[in-house]
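Contents: one structure, followed by commentary.
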Amino acid sequence: MKNYLSRQRYLMDFTLHSMLRRKVKNLVLFVVYFMVIFILASVMLFGQAVREEAAALLKNAPEATVQQIKMGRHDLVNKELIAPLNDIRGVKKAEGRLWGYYFDPVNQANYTLMVPSADDKQHQIKPGQSIIGPGVAANRELIRDKFLLLLPPVGPLMKLDVIDHLDPQSALVSADLVLLSEPDFRAFFRLPADVYTDIGLTIRNEREIATIVNKITSKFLGTRVVTRSDILRTYESIFTWREGLLLALLGASIFAFVIFVFDKASGLSAEERREIGILKAIGWETGDVLAMKFWEGGLISAGAFLLGLVLAYLHVFFFQAGLLEPVLTGWSVIYPDFHLAPHIDILQITTLAFFTVVPYTAATIVPIWRAAVTDPDSVMR
Amino acid sequence: MAALMVLAIAVLLHGFMSGDRGLSQRAKLVGQLGLTDLALFTEARYTRHPSQADLHSAFQDHPMSFDHFPTGSLIAAPLQNFNTRAASSTDEAKK
């Protein structure tokens, strides 16, 4: 065993020196290789982490929200619907929710205006006050210290005291939020006192949700119920789709890389043939030559994989996936400054390793074997 | 090579051992405010709250208006959220 290990160590040592003789070729190959792995690993790590984050956060979303739909569009829900919803067996609480959108013409950004629930003791807001999300707070030009000025559709500017900021760590869910009191919300949007944006349901037993949804949709025509599992499924599909789309866009460059690698790995240069011939002539066996070249392929591909993986991890979890941000941002003015909690899926990393390291290493073996079994004299000629 | 392996192992360990980085706080806020969506794409209402959007919101302006936000072309419509009515109608038909 000891002999075997030291033999492999010498082979590796010899391979590294042999690779150093063809520095430029191997360096170019290594750089292209690790960059492809870096991009693939970044997309995979980011996709997985954001999916996990969305699932962990949104498991606290309301069990169900009831919307009113009219002519295919959202309509305001009447207060009268709350009492019959509260009477449905299994519904613990039905509560009207007030939230809406505001386009800020000065900043050219969209904010989500929301009234916190009466049960939320931590965010109690009096008329004339507001709590803003980290994305809104970042726009210092507009905020001017402690006041938030909102321009309603009709009427004079609304001036609100900013009494608190939401935790910057929560930017992923709260970047564009502006929390304000119910009277201010209704005055701002000129809403009558008997309507809500939608109704949030608290349901006692999660297994009863499907039955309750069926009861609501058949009893109250024109309503639509979005359950928590719908929300979770939406985000699962959004990120799978986006990750798939990004990988599809990368497909062309990955394909080009495959051709490049295959060309480099499967074709032997005259110098490499001569080297194999000399090694055979001085007594190396075919197995030794194969082992040496196996190490060469293995060192390049495993090295590129490890470096690509480490850099992708740093990129996603320490530099907030800055290179992927333009794809995610779209036309948003407010983009959350968020740090994802690291999440590593061993199966995903093993799959990436299998599809990057193994093909390259395997592709190098066949031409080497062909050259190694030929007579040294004819190989060197 | 050895250094790279050590780095990769360190990264894996960091991934498994690092805490939730405020995840529980964020989850608490979601519960308190009853939030339903991530604030990743704030340019339009159907990208800000894709789970709450109706199927027509991408084409909201007039009958021939196509969705013109880049995010709209990148995220799939939550079709599965529109099956509740169909499911209940089927159940009623069975009865």
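First check a/c for the stretch A:292-354, with a ≥ b ≥ c the square roots of the eigenvalues of its C-alpha gyration tensor; if it is under 1.5, answer rounded, and if not, answer prolate when a/b is larger than b/c or oblate otherwise.
Working: a/c = 3.24, a/b = 2.56, b/c = 1.26.
Prolate, because a/c is 1.5 or more and a/b exceeds b/c.
In peptide A:165-172, what is the residue-averaged number of other protein chain Cβ atoms found within 10 Å of each Cβ?
On the way: counts 0, 2, 5, 1, 6, 11, 3, 7.
Across A:165-172, the average partner-chain Cβ count within 10 Å equals 4.
If only Cα atoms are counted, what is the Rg of the protein assembly as shown, and what is its Dmax, in Å?
Every Cα atom of the protein assembly as shown included, Rg and Dmax give 29.5, 96 Å.
For a quick protection proxy, order the peptides A:146-154, A:189-197 by their average other-Cβ count within 10 Å, most packed first. Walk me through the numbers on the way to the answer.
Working: A:146-154: 13.0, A:189-197: 14.6.
Descending mean neighbour count gives A:189-197, A:146-154.
Tabulate in residue order the Karplus-calculated ³J(HN,Hα) for the stretch A:169-183, using 6.51 cos²θ - 1.76 cosθ + 1.60 with θ = phi - 60°, rounded to whole Hz; enter x for Gly and Pro.
Taking θ as phi minus 60°, the curve returns 5, 9, 4, 4, 10, 10, 3, 9, 7, 10, 8, 9, 7, 4, x Hz for the stretch A:169-183.
Of all DSSP beta bridges in chain A, what percent run antiparallel (nearest 5)? Don't skip to the answer; put the middle values down first.
Numbers: 32 of 39 bridges.
Taking every DSSP beta bridge within chain A, about 80 percent pair in antiparallel fashion.
As I understand it, the value is the acute angle between the Cα axis of helix A:228-266 and the longest principal axis of the Cα atoms of chain A; what does it come to in degrees, rounded to 10?
20 degrees
So between A:S6 and A:I346, what do we pick up on full extension, going 0.36 nm a residue minus the alpha carbon distance?
119.3 nm
Per residue of the stretch A:122-134, what does 6.51 cos²θ - 1.76 cosθ + 1.60 with θ = phi - 60° give for ³J(HN,Hα)? Whole Hz please, x for Gly and Pro, Karplus curve as stated.
Running phi through 6.51 cos²θ - 1.76 cosθ + 1.60 with θ = phi - 60° gives 6, 10, 7, 10, 8, x, x, 10, 8, 10, 10, x, x Hz.
Tell me the relative contact order for the stretch A:64-227 as a rounded percent, counting alpha carbon contacts under 8 Å between residues six or more apart.
Details: 297 pairs, mean separation 61.7, N = 164.
Relative contact order comes out at 38 percent.
Mind checking the stretch A:46-147 for GluC sites (Glu not before Pro) that DSSP puts in a loop (not H, G, I, E or B) and that have at most 13 other Cβ atoms within 10 Å? Can you show the working numbers first?
Values: sites: A:E52, A:E53, A:E63, A:E80, A:E95, A:E141; in loops: A:E63.
When the GluC sites (Glu not before Pro) of the stretch A:46-147 are filtered for loop state and at most 13 Cβ neighbours within 10 Å, nothing remains.
So for chain A, averaging the separation of alpha carbon pairs under 8 Å that are six or more residues apart and normalising by length, what relative contact order in percent results? Walk me through the numbers on the way to the answer.
Numbers: 523 pairs, mean separation 109.0, N = 381.
The value is 29 percent.
Counting only residues 5 or more places away or on other chains, whose amide H sits under 5 Å from the amide H of B:D37 once H atoms are built in the peptide plane?
Here the answer is none, since no amide H 5 or more places off falls under 5 Å of that of B:D37.
Sort A:L5, B:L4 by Cβ crowding within 10 Å, fewest neighbours at the top. Walk me through the numbers before you get to the answer.
Values: A:L5 9, B:L4 16.
Least crowded to most crowded, the residues run A:L5, B:L4.
On C-alpha positions alone, give me the angle between the axis of helix A:286-317 and the longest principal axis of chain A, in degrees, nearest 10.
Tilt of helix A:286-317: around 20 degrees.
Let me have the 222 nm mean residue ellipticity of chain A computed from DSSP H runs of 4+ only, each contributing -39500 (n - 2.57), with the sum over all residues rounded to the nearest 500.
Numbers: 14 runs with 213 residues, N = 381.
Helices in chain A give a 222 nm mean residue ellipticity of -18500 deg cm²/dmol.
Determine, for A:Y335, A:Y111, A:Y10, A:Y101, the number of other Cβ atoms within 10 Å of each Cβ, and report the residues in order from fewest to most. Intermediate values should be presented prior to the final figure.
Details: A:Y335 22, A:Y111 26, A:Y10 11, A:Y101 15.
With the fewest neighbours first, A:Y335, A:Y111, A:Y10, A:Y101 line up as A:Y10, A:Y101, A:Y335, A:Y111.
In degrees between 0 and 90, to the nearest 10, how far off the longest principal axis of chain A does helix A:23-58 point, with axes built from Cα atoms?
Computed tilt is about 30 degrees.
Quick one: which residues, 5+ away or cross-chain, put their amide H under 5 Å from the amide H of A:L191? H built at 1.01 Å from N.
The answer is none.
What does the charge dipole of the protein assembly as shown about its Cα centre add up to, to the nearest 20 debye, if the Cβ of each Lys and Arg holds +1 and the Cβ of each Asp and Glu holds -1? Intermediate values should be presented prior to the final figure.
Numbers: 47 positive and 46 negative charges, 128 e Å.
Taking the Cα centre of the protein assembly as shown as origin, the dipole is about 620 debye.
All other residues with a Cβ under 9 Å from the Cβ of A:D194 taken together, and with Lys, Arg as +1 and Asp, Glu as -1, what is their net charge? Don't jump to the answer; show the numbers that get you there.
On the way: positive: A:K79; negative: A:E80.
Result for the neighbourhood of A:D194: 0.
Quick check on my link table: of A:K79/A:K121; A:K93/A:K146; A:K70/A:K219, which ones sit more than 27 Å apart, alpha carbon to alpha carbon? Could you put the intermediate results ahead of the total?
Numbers: A:K79/A:K121 23 Å; A:K93/A:K146 36 Å; A:K70/A:K219 16 Å.
Pairs exceeding 27 Å: A:K93/A:K146.
Could you give the distance between the Cα centres of the stretch A:218-275 and the stretch A:80-107, to the whole Å?
Computed from Cα coordinates, the inter-centre distance equals 38 Å.
I need the calculated FRET efficiency for the pair A:K25 and A:R233, taking r as the beta carbon distance and R₀ as 56 Å, to the nearest 0.05.
Details: r = 49 Å, r/R0 = 0.87.
Efficiency computed from Cβ-Cβ geometry: 0.70.
As a footprinting exposure proxy, order A:R21, A:R204 by other Cβ within 10 Å, with the fewest listed first. Can you show the working numbers first?
On the way: A:R21 10, A:R204 13.
If I rank by nearby Cβ atoms, fewest first, I get A:R21, A:R204.
Check A:K93: other-chain or 5+ apart residues with amide H under 5 Å from its amide H, H built from backbone geometry?
Sorted by chain and number, the residues that satisfy this are A:T202.
Laboratory data are not the source of any read-out in this text; all were calculated from the coordinates shown. In this text, all values refer to a predicted model and were calculated from it rather than measured experimentally. Note: ideal-geometry Cβ built from the backbone for every residue, glycine included; neighbour counts use all protein chains shown.
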